1. Modelled label-to-label distance, Asp129 and Glu105, 7 Å Cα→beta-carbon offset: nm?
2. What size of dipole, in debye to the nearest 20, comes out for segment 99-160 about its Cα centre when the only charges are +1 on Lys and Arg C-beta atoms and -1 on Asp and Glu C-beta atoms?
3. For Tyr57 and Lys150 in the same chain, what is the full-extension length gain: residue separation times 0.36 nm, less their Cα-Cα distance, in nm?
4. So, in Å, what gap is there between the alpha-carbon centers of segment 32-49 and segment 76-148?
5. Sum up the charges of everything whose Cβ sits under 11 Å from the Cβ of Glu181, counting Lys and Arg as +1 and Asp and Glu as -1, but leave Glu181 out.
6. State the answer as a single residue: which of Val158, Phe121, His132 lies farthest towards the positive end of the charge dipole of segment 104-162, with beta carbon charges of +1 for Lys and Arg and -1 for Asp and Glu, about the Cα centre.
7. Order by neighbour count: Met1, Met92, fewest other Cβ atoms within 10 Å first, most last.
8. Give, rounded to the nearest 20 debye, the magnitude of the charge dipole that segment 1-143 has about its Cα centre when Lys and Arg contribute +1 at Cβ and Asp and Glu contribute -1 at Cβ.
Amino acid sequence: MTQTFKALSALLTYPTLELQLGVPEIRAALDGEALFPAKLRRHLDRLLEEIAIGDLYDLQERYVLLFDRTRSLSLYLFEHVHGESRDRGQAMIDLKSTYERNKLEVDPTELPDFLPLFLEFLCILPRADAYHFLGQTAHILTALGERLRKRHSAYESVFRSLVALAASKPKPADVAALLSEPDPDATDLAALDAAWEDAPVKFGPDEHSCRDGLIAKVRAGRRPAPGVGTPARRAVLPRL
């Protein structure tokens, strides 16, 4: 089990008092495995410090503005590669099955592509396998890190750190394609509304509105990182 993934998962969940009180434990997990170069580790310390001493309501407002209201910063991985297409529905099913085969318990209301949940999955895998699977998301993580860098957000450090651990690095063309998508400011309500107004999500014969999907995402983003189980065998991750 790689505790570093569990620590980074916690950092990407909705800020709570429990998260603030858990900062020393998160810091100890990162230091105990020491997987990052000193420079990246110092950048993570900035985020840890902000969470530890920041006003909780300010931290929560910042989180919502970044990850819930801004589609280009969504913590739902398939949002960036499948959007609202039918392919996303099948990818969700495949990823959930992968979790279940590896004894990762997932709340029925949870969306399986939520990044903190994905990191919990990596936590229970052999490290080499986790690095391999992480490489499949490296283009998404790189794009998210770059968007957060432009916003001078300390959350950038989490994404840079994950990319540093990935077994394979992203193709520049893949990152450029993601960065070419609209990236509105969270205070630009008209642009945000336009970004979310896509065709209905099609997971099967029935259609569900994007607004319903957004509500589910906000609800999931407010929950702390879920618990993990014990791996049964090497997983086959659906293509990202």
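Quick note: the coordinates plus some simple rules give every number you see, no bench work behind them. Keep in mind it's a predicted model, so treat the numbers as computed, not measured. Virtual Cβ from ideal backbone geometry, glycine too; neighbours counted across all protein chains shown.
1. Between Asp129 and Glu105, the simple spin-label model gives 2.0 nm.
2. Computed charge dipole of segment 99-160: roughly 440 debye.
3. The Tyr57-Lys150 span can extend by a further 31.2 nm.
4. That distance is 23 Å.
5. 0
6. Final value for the positive-end residue is Val158.
7. Final ranking by Cβ density, sparse to dense: Met1, Met92.
8. That gives segment 1-143 a dipole magnitude of about 460 debye.
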